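Below is one structure, written out as C-alpha cells; comments come after it.
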Amino acid sequence: MFLTYFTDEMFMSGDGRSPGRFSVTLQDKSVLIVDDEYEMAMCVAALFRKVGAKVMRASSVDEAARYLSYFTFDLIVTDINMPMQNGYDLLHLLQREHVPTPIVACSGAMDAYLSKQEGFAYKIEKPVDPDELIRLATELTEHSVLS
C-alpha cells in the first residue's frame, strides 16, 4: 500500500520545519491531486506541501474540472481508477481544453491501455515511491510555462 512508504522522518528534519530527506524544493509550484481515496490524496498532498508546493485536492474529475476553470497548476497527479469518471476522462478533458499542465498518472493497476495511452507525462504504479514522485514533479515543473 502507498501509505506504508510515508514515515515521519520523510516529512521533518531535526528542526521540525524543513522537508526532511528531500533536498529539492517545489516552492511556488502548484499541484492538483485528483484521487477519490481521501487518505491517499492527503498523504500525497502532505508530501508536496513539505517540499514547498501549493496543493489543491479534488476527489473526482468533476471537482478537478471546477478547480481547473478557476486556477492553473504546474502539475496534476491523478489516480486512474475512480468511480464515475476516471483518470483517462480527466486526461481527455485537459486535451480538449488545451491545458498544457503535465499529468502524472498513478494507479495500483497499470493496464495495457494505460501503457499505450498518449498524453500522460509519466505513469507511476502504486505503491508510489515518494522520492520518485518528488523527483518526477521537480523535472516536470522545472520548465513549466506557468512559473
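The values are calculated or read from the model by the stated rules, or taken from the named source; none is laboratory data. Worth saying up front: this structure is predicted, and the values here are computed from it rather than measured. A quick note on method: Cβ atoms are made from the backbone with ideal geometry, for glycine too, and the neighbour counts reach across all protein chains shown.
A few points about this structure:
- Hey, L75 surrounded by 16 or more Cβ atoms within 10 Å (Cβ to Cβ) and in contact with a helix residue (DSSP H, G or I) (Cβ under 6 Å, 6 or more places away or on another chain) or not: yes
- Every pair of residues 6+ apart whose Cβ atoms lie under 6 Å, when the first sits in the stretch 28-42 and is within 13 Å of E63 (Cβ to Cβ) and modelled with pLDDT of 90 or more while the second is small (G, A, S) and not in a strand (DSSP E or B): I33/A41; I33/A45; V34/A64; D35/A41; D36/S59
- Those residues of the stretch 90-112 which are in contact with a helix residue (DSSP H, G or I) (Cβ under 9 Å, 6 or more places away or on another chain), surrounded by 12 or more Cβ atoms within 10 Å (Cβ to Cβ) and farther than 12 Å from V34 by Cα, in sequence order: L93, L94, V99, T101, P102, G108
- Qualifying positions in the stretch 46-66 - small (G, A, S), crowded, with 19+ Cβ neighbours inside 10 Å and at pLDDT 95 or above: A58, A64
- Here is the figure for the stretch 42-95: residues that are of a type in the set (V, I, T) and within 16 Å of L26 (Cβ to Cβ) total 6.
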